[in-house]
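For reference, the structure is listed below as structure tokens.
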Amino acid sequence: MEIIRLENVTKSYGDKLVLNHIDKVFHRGEAVAFVGHNGCGKSTLLRIIAGLTVPSDGRAVQAPGLLFHYIPEKFPPTPVTARQYLLNMGILDGMRRDEAGRRIASLGEDFFFGELLDVPMRSLSKGTLQKVGVIQAFMTRPDVLLLDEPVSGQDKESQKVLIEKTNELRGEDVTILLSCHEEHIVNAIAQDVYTIREGRLEDYEPAGTKMCTVILENAGGLEADGRMTKYGRYYRLKAEETECDRILPGLLSRGWRLRGMYNEEDS
Amino acid sequence: MKKIAELTRYGLHIYFKGNKFIMPLVVIIAYQYTMYTIMPVGIVDSFVMASYLVFFVLVWAGLSVSADENPVMEQIQLLRVRSSLCYYISRSIILAMLGLLVSAVCVLFPVIQNVLNHKGLFLRPLTAYDVLNAFILVAGCSFAGGALGSLLHPRVMEDRKLAVVLTVLLSVLTVVRTGLVQEIPFLKYVAWILPPVDRIAYIYGNVDEFRILQTGLIFMALVGYGAVLTVIKSCICQKRKF
């Protein structure tokens with residue numbers, strides 16, 4: 001079901017053309033990511049989709065009554081504590097006070113943030129403050145979740161929770177629109193990936209070959225491959241993704257044990 | 001309605017958790033002590049002066065409330081409430097409530113002082129009618145002041161230095177409007193755009209009694225001007241967005 005339609009959207013700041021005649025339709029339950037270099041127009045596009053920025057030309061049409069939740073790139077501090085802020089956002093979402101309180105406690109625990117909920121937001125570090133920005137967007141279920149560089153400054157564990165929660169929402173038919181530089185986040189959330197080149201929205205083609213790191217355990221007396229290097233009590237092997245698919249079955253059948261595997265971008 | 005109430009409550013909570021209210025509060029307290037430690041004072045004169053003070057204090061508060069609005073926080077709230085109208089009404093109510101609070105302080109302080117001084121603070125006995133008129137005048141000035149102070153919101157004028165200078169200029173012109181028009185008559189063609197705060201001194205400058213009809217008319221004019229300024233600011237913010 002179509003919920004947002006961009007019709008010939010153009011945006012320029014002074015002489016700089018940021019978005020150039022963009023036509024695009026977004027459907028309920030879709031997960032779309034926008035990647036590209038800084039200043040290419042990703043955040044502007046998200047704000048136009050949400051109706052927060054007026055396009056210079058064209059228009060963004062939204063289905064009536066859509067509830068947007070927005071995780072900004074830089075979440076600003078306010079003079080209140082994180083709990084007070086989140087409580088107010090929950091109440092604005094229509095939650096009862098006790099219901100919002102329980103949700104804050106649960107999300108605080110999920111994001112390893114429980115002990116800092118009663119600290120004034122002005123005293124929180126950048127990464128912790130960003131968690132407040134993330135949690136406020138998960139207080140209730142929106143129709144559209146906008147994530148603008150959502151993981152900036154956050155630890156890996158919280159990033160995993162963010163991915164999990166976002167995919168849970170997608171499972172509930174929430175439309176996810178993400179602007180992000182981290183490829184592992186994009187891969188874990190988005191079904192379609194676009195980039196903005198010279199103001200135009202284009203399908204994203206990842207450049208180059210992806211490298212994988214495989215962690216293997218020597219089950220006993222096996223001779224290490226020439227490309228393997230010692231990695232604590234294990235061995236590490238770096239290879240192209242396609243090559244890994246080819247050589248791994250052979251290594252495992254010879255008695256090597258797989259102890260870990262990750263993409264280079266995740267490391 | 002519930003959303004407006006929640007937005008207003010949250011906005012007031014943020015304002016009082018910050019430190020922007022401290023200096024205006026100090027100014028109000030200093031004024032009250034300075035004004036009402038020398039006895040006796042004229043009832044009408046002192047409340048007319050209080051009206052001017054409250055006007056300037058609320059211009060100050062309006063400026064600081066607007067300047068404190070973070071665009072990201074605004075965006076999150078606007079998306080949540082799904083109604084720009086609710087959001088902008090709540091911003092106006094926040095200033096109106098601050099104005100009522102300041103008005104109450106400025107009217108009640110001399111009333112209490114008068115009681116503590118065995119009803120000898122004023123040149124003649126203070127009546128409930130005087131208090132009512134004073135509160136209406138001061139509240140009207142507070143609303144017009146808040147609206148004028150928040151007119152040049154960061155989304156209306158990005159250059160904050162210029163916005164502060166222009167706001168101060170406009171508020172000073174507002175209180176000297178009549179005198180200025182007497183000196184330079186052709187200014188009357190543009191002076192009408194400023195709130196009629198100076199009419200209070202013009203009407204009550206040489207009298208010792210309030211007249212509720214005059215007070216009511218000035219109040220309505222001040223609230224009307226304030227409402228127009230608020231609508232202008234909100235429309236510009238809504239048109240420009242972020």
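Observations, loosely collected:
- When region B:204-222 is filtered for residues that are surrounded by 19 or more Cβ atoms within 10 Å (Cβ to Cβ) and part of a helix (DSSP H, G or I), the ones remaining, listed by number, are B:204, B:215, B:218, B:219, B:222.
- From A:155, A:118, A:148, residue being within 14 Å of chain B (Cβ to nearest Cβ) and under 16 Å from the mean Cα position of the chain (by Cα): A:148
- Among the residues of region A:66-95, those identified as in contact (Cβ under 8 Å) with a residue 60 or more places away in the chain and open to solvent by 20 Å² or more (accessible area, probe 1.4 Å) are A:73, A:74.
- Scanning region A:24-65 for residues that are within 14 Å of chain B (Cβ to nearest Cβ), closer than 21 Å to residue A:185 by Cβ and either part of a loop (DSSP other than H, G, I, E, B) or open to solvent by 20 Å² or more (accessible area, probe 1.4 Å) (or both) yields A:43, A:47.
- Of the residues making up region A:172-191, none is among the hydroxyl-bearing types (Ser, Thr, Tyr) and either over 30 Å from residue A:86 (Cβ atoms) or without any contact (Cβ under 8 Å) to a residue 60 or more places away in the chain (or both).
- The single residue among A:78, A:10 that is outside any loop (DSSP other than H, G, I, E, B) and either at the interface with another protein chain (Cβ under 9 Å from one of its Cβ atoms) or modelled with pLDDT of 95 or more (or both) turns out to be A:10.
- Taking each residue of region A:44-58 that is closer than 16 Å to residue A:5 by Cβ and looking for partners that are modelled with pLDDT of 95 or more and charged (D, E, K, R) with beta-carbon atoms closer than 7 Å, six or more apart or interchain, yields A:46/A:148; A:48/A:11; A:55/A:11; A:58/A:7.
- Of all the listed residues (B:155, B:160), the sole one being touching a residue at least 24 places away in the same chain (Cβ under 8 Å), within 23 Å of residue B:68 (Cβ to Cβ) and exposed (fewer than 15 other Cβ atoms within 10 Å of the Cβ) is B:160.
- One residue alone among B:61, B:50, B:30, B:67 is of a type in the set (A, V, I, L, M), within 14 Å of another protein chain (Cβ to nearest Cβ) and either part of a helix (DSSP H, G or I) or more than 29 Å from residue B:156 (Cα to Cα) (or both), and that residue is B:67.
- Pick from region B:197-220, criterion without any contact (Cβ under 8 Å) to a residue 60 or more places away in the chain and closer than 21 Å to residue B:167 by Cβ, ranking: nearest to the other protein chains (Cβ to nearest Cβ): B:198
- The single residue among B:66, B:51 that is surrounded by 18 or more Cβ atoms within 10 Å (Cβ to Cβ), more than 30 Å from residue A:73 (Cα to Cα) and small (Gly, Ala, Ser) turns out to be B:51.
- Among the residues of region A:194-212, those identified as touching an Asp or Glu at 6+ places or on another chain (Cβ under 9 Å), modelled with pLDDT under 90 and either in a strand (DSSP E or B) or more than 17 Å from residue A:38 (Cβ to Cβ) (or both) are A:206, A:209, A:210, A:211, A:212.
- Residues considered: B:94, B:89. Of these, the only one that is closer than 30 Å to residue A:73 by Cα, open to solvent by less than 30 Å² (accessible area, probe 1.4 Å), part of a helix (DSSP H, G or I) and at pLDDT 95 or above is B:94.
- Taking region A:94-190 and the helices (runs of 4 or more DSSP H) fully enclosed by it, the elements with 3 or more residues that are modelled with pLDDT of 95 or more and under 19 Å from residue B:79 (Cβ atoms) are at A:97-110, A:126-137, A:156-171.
The values are calculated or read from the model by the stated rules, or taken from the named source; none is laboratory data. What you see is a predicted model, and the numbers here were worked out from it, not measured in a lab. Cβ atoms come from the backbone with ideal geometry, glycine included; neighbour counts cover every protein chain shown. Each accessible area value is taken on the protein alone, full model and side chains, heavy atoms only, with ligands, DNA and RNA left out. Shrake-Rupley method; radii C 1.70, N 1.55, O 1.52, S 1.80 Å.
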